[in-house]
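Okay, so here's the structure we're looking at.
The values are calculated or read from the model by the stated rules, or taken from the named source; none is laboratory data. On a predicted model such as this, the values are computed, not experimentally measured, just so you know. Virtual Cβ from ideal backbone geometry, glycine too; neighbours counted across all protein chains shown. Just the protein is used for accessible areas: all its heavy atoms, side chains included, with ligands, DNA and RNA removed. Shrake-Rupley method; radii C 1.70, N 1.55, O 1.52, S 1.80 Å.
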Amino acid sequence: MDKFVIRGGNPLLGTVRISGAKNSALPCMAAAILTEDEVTLENVPQVRDIETERRLLVSMGAEVELGYGRAQHRTTISCHSLSDPVAKYEIVKTMRASSLVLGPLIARAGIARVAMPGGCAIGGRPIDLHIKGLEKMGATITQEHGYLEARAERLKGAHLVFERITVTGTEDLLMAAVLAEGETLMENCAREPEVQDLAALLTAMGAKIKGAGTSTIRVQGVQRLHGARHRINPDRIEAGTFLIAGAITGGDLMVANCNPAHLGAVIAKLQETGVRVDILGPDTVRVRADGRLRAADISTEEYPGFPTDMQAQYMALATLSEGVSAVKENIFENRFMHVQELVRMGANIKVDGSTAIVRGPARLSAAAVMCSDLRASASLVLAALVADGESILDRVYHMDRGYERIEEKLRGVGAQIRRMGNIFTPKEEELVAG
Ligand code: EPU
């Protein structure tokens, strides 16, 4: 299993370019199921979750070409024939976002068999809200042998009110609604930029959608969708992670190719800690810090609040801030797996229910640590970049699920990081879902 070896202490200087958003690319790839024509996506990040989704679509009979490098991270998907509308457990268990195919499969094929995702490292993560919505649209859903089977000759538009805000739930039902008969009114929807990105692709495919990006979405169902070409948004979580990397190392970093408008809560919080952040035009943010940081509390919320996907990275920064920072996690019940590893590196953190109390500044010292999930891994990389000595991060396959060539990007701006590769390959059961 690959490890990262990181020697801390270098300020990050220079420019880093942000890749496309994994959490936009995943639903957009699933949206290709909705048409017989070809869908071309650009700016698709080269990360393991995208490869998993490719395998998922191919296992259902789709043709998927992933082209990187000179092909500009372009993916072409043709779901001309869907011979096997099944999302198999072997794939779903390694990536929970696989349940995103449920809505489009039933809308296109009238039938879907999707393995129930289990829990994952960060919480239970049920999909009951996806199921309730599809049932309201007329689907019959049964559950047997760990699989959901959904059937509907043609879904019918409905009035859906989400009991709780869910990102992939909003995306799944949006994809179901675009081919349903009549109008669907969705309330209490997720407002994340990834929902807007998906809606932009669906609209380019001929869907009639109003209000994506707000909490009320109205969809007028159409008979069929056609192929389209779409460019995926920059990854706001990767961008936020690099902003913290610049700040935590006392560096001067240009984060290019990002969308500053999607980073409002993170930028505001960094400014509160005393970090200098300047927006330099439509796609570049400059971050500068001089090593002195002030404590500031965060509380994770749905967009446009502070993202849960940045909580672990922010906590690494908070360990170095002067004073007490309260980090409250409101979205997932178990997203503090990084705490014990940060403590092993010298951080002073106490967890009380859904709040972590971080006292700083700590002097972080290098250690051998274990990555438990994608964003926890990012938090440990950030801590290792400032720790005294050489840290070894185990299980970096978690990082590879969502960060494209992170070690190359970090090395490019002055970090001392190398990958010790292929010591042995992870066993499948070690690749937990996220
Ligand atoms: N929830 C339910 N029932 C449902 C769906 C969700 O109770 O049917 C609960 C969840 O258990 C959770 C909360 O609602 O407590 C919010 O979950 P949500 O459905 O919004 O999460 P998700 O759609 O499964 C996406 C991202 C996550 C990100 C969350 C929150 C993708 C593929 N994943 O997950 O990204 O943390 O939204 O913003 O878009 C990551 O990239 O590291 C990651 C975990």
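Taking a temperature of 10 °C and a viscosity of 1.306 mPa s, what whole-number D in µm²/s does Stokes-Einstein yield for region 302-366 with Rh from Kirkwood over alpha carbon pairs? The partial results should precede the final answer.
Values: Rh = 11.9 Å.
Diffusion coefficient, whole number: 134 µm²/s.
Express in Å², to the nearest 10, the accessible area of SER391 obtained by rolling a 1.4 Å probe over the protein heavy atoms while all chains stay in place.
0
Of GLU36, GLU51, GLU65, which has the most accessible area and how do the rest follow, probe 1.4 Å? Numbers along the way, then the final one.
Working: GLU36 100, GLU51 70, GLU65 130 Å².
My answer, sorted largest first, is GLU65, GLU36, GLU51.
How much of the accessible area of region 1-101, in percent, comes from carbon and sulfur atoms when a 1.4 Å probe is used? Working shown, then result.
Working: 1520 of 3610 Å².
So the carbon and sulfur contribution to the accessible surface is 42 percent.
Which percent, to the nearest 5, of DSSP beta bridges fully inside the chain are antiparallel?
Working: 58 of 82 bridges.
Percent antiparallel among DSSP bridges in the chain is about 70.
In what order, largest first, do LEU66, LEU12 sit by accessible area if the probe radius is 1.4 Å? Walk me through the numbers on the way to the answer.
Working: LEU66 50, LEU12 0 Å².
Of LEU66, LEU12, the descending order of accessible area is LEU66, LEU12.
Going down the table (LYS88/LYS132; LYS93/LYS350; LYS22/LYS93; LYS88/LYS328), which pairs top 27 Å between alpha carbons? Show your work: numbers first, answer last.
Numbers: LYS88/LYS132 21 Å; LYS93/LYS350 32 Å; LYS22/LYS93 18 Å; LYS88/LYS328 35 Å.
Beyond 27 Å: LYS93/LYS350; LYS88/LYS328.
Once phi is turned into ³J(HN,Hα) by the Karplus curve 6.51 cos²θ - 1.76 cosθ + 1.60 with θ = phi - 60°, what whole-Hz value does each residue of region 395-412 show in order, with x for glycine and proline?
Result, ordered by residue: 6, 6, 4, 4, 5, 5, 5, x, 10, 7, 6, 4, 5, 5, 4, 5, 4, x Hz.
Looking at region 92-149, I'd like the Rg to Rh ratio, where Rg is from alpha-carbon atoms and Rh is Kirkwood's inverse mean 1/r. Kindly include the intermediate steps, with their values, before the conclusion.
On the way: Rg = 11.2 Å, Rh = 11.8 Å.
A ratio of 0.95.
Over the Cα atoms of region 32-173, Rg to Rh with Kirkwood Rh, two decimal places? Display every interim value, and only then the final one.
Values: Rg = 15.2 Å, Rh = 15.7 Å.
Here the Rg-to-Rh quotient is 0.97.
Using a 1.4 angstrom probe on the protein heavy atoms only, could you order ARG191, ARG236 from most to least accessible area?
On the way: ARG191 100, ARG236 30 Å².
From most exposed to least exposed: ARG191, ARG236.
Hey, what angle do you get for helix 22-31 against the long axis of the chain, alpha-carbon based, 0 to 90 degrees rounded to 10?
Tilt relative to the chain: about 10 degrees.
Between helix 193-204 and the chain, what is the angle of the helix's C-alpha long axis to the longest principal axis, kept within 0 to 90° and rounded to the nearest 10?
30
Based on a Kirkwood Rh over C-alpha pairs, give the Stokes-Einstein translational diffusion coefficient of the chain at 37 °C and viscosity 0.692 mPa s in µm²/s. Could the numbers behind the result be given before it?
Working: Rh = 22.0 Å.
Rounded to a whole number, D works out at 150 µm²/s.
Given Cβ point charges of +1 (Lys, Arg) and -1 (Asp, Glu) and nothing else, what value in debye, to the nearest 20, does the dipole of the chain about its Cα centre take?
Working: 50 positive and 53 negative charges, 128 e Å.
In total the dipole reaches around 620 debye.
Quick one, what does Rg over Rh come out to for region 93-216 if you take C-alpha atoms and the Kirkwood Rh? Can you show the working numbers first?
Values: Rg = 13.6 Å, Rh = 14.5 Å.
That ratio equals 0.94.
Give the distance, in whole Å, between the Cα centre of region 239-296 and the Cα centre of region 158-216.
31
Over the Cα atoms of region 1-65, compute the convex hull volume and normalise it per residue, giving Å³.
Values: hull volume 7.6 nm³, N = 65.
So the per-residue Cα hull volume is 117 Å³.
Give the cross-link partners of LYS136 among the aspartates and glutamates, using a straight C-alpha distance below 18 Å as the criterion and excluding same-chain residues fewer than 8 apart.
ASP128, GLU149, GLU153, GLU163, GLU171, ASP172, GLU181, GLU183, GLU187
If you stretched the chain out fully between GLN416 and THR15, how much longer would it get, using 0.36 nm times the residue separation minus the C-alpha to C-alpha distance? Mind showing how you got there, number by number?
Values: separation 401, 0.36 × 401 = 144.36 nm, distance 1.59 nm.
Full extension of this stretch gives 142.8 nm more.
Quick check for you: which residues of region 110-133 have the amide N under 17 Å from the point 7 Å beyond the Cα of GLU187 toward its beta carbon?
133
In terms of modelled amide H atoms, which long-range or inter-chain residues lie less than 5 Å from the amide H of ARG401?
Amide H neighbours of ARG401, under 5 Å, 5+ apart: ARG48.
Dipole size in debye (nearest 20) for region 191-347 around its Cα centre, Lys and Arg Cβ +1, Asp and Glu Cβ -1? It would help to have the intermediate numbers written out before the result.
Working: 17 positive and 18 negative charges, 117 e Å.
With Lys and Arg at +1 and Asp and Glu at -1, about 560 debye.
Going by alpha carbons, how many degrees (0 to 90, nearest 10) lie between the helix axis of 374-386 and the longest principal axis of the chain?
Around 20 degrees separate the two axes.
Let me cross-check LEU13: its accessible surface, 1.4 Å probe, with only protein heavy atoms counted, in Å² to the nearest 10?
Using a 1.4 Å probe on the heavy atoms, I get roughly 100 Å².
Taking the Cβ of GLY360 as the center, what net charge do the other residues with Cβ under 11 Å away carry, scoring Lys and Arg +1 and Asp and Glu -1?
Details: positive: ARG294, ARG359, ARG363; negative: GLU322.
Here the charged neighbours net out to +2.
For LYS409, go through the aspartates and glutamates and keep the ones whose alpha-carbon is under 18 Å away, minus same-chain ones fewer than eight residues off.
ASP2, ASP235, GLU238, ASP252, ASP283, ASP400
Can you give the accessible area per residue of the chain, in Å², using a 1.4 Å probe? Provide the component values of the computation, followed by the final result.
Details: 16740 Å² over 434 residues.
Per residue, the chain has an accessible area of 39 Å².
Give the Debye-formula value of log10 I(q)/I(0) at each listed q (0.11, 0.17, 0.18 Å⁻¹), with one equal scatterer per alpha carbon of region 234-317, two decimals each.
Listed by q, the Debye log ratios stand at -0.23, -0.58, -0.66.
If you roll a 1.4 angstrom probe over the protein chains with everything in place, what fraction of the accessible area of region 151-198 belongs to carbon and sulfur, to the nearest %? Mind dumping the intermediate values first?
Values: 770 of 1810 Å².
Summing carbon and sulfur atoms, their accessible area is 43 percent of the total for region 151-198.
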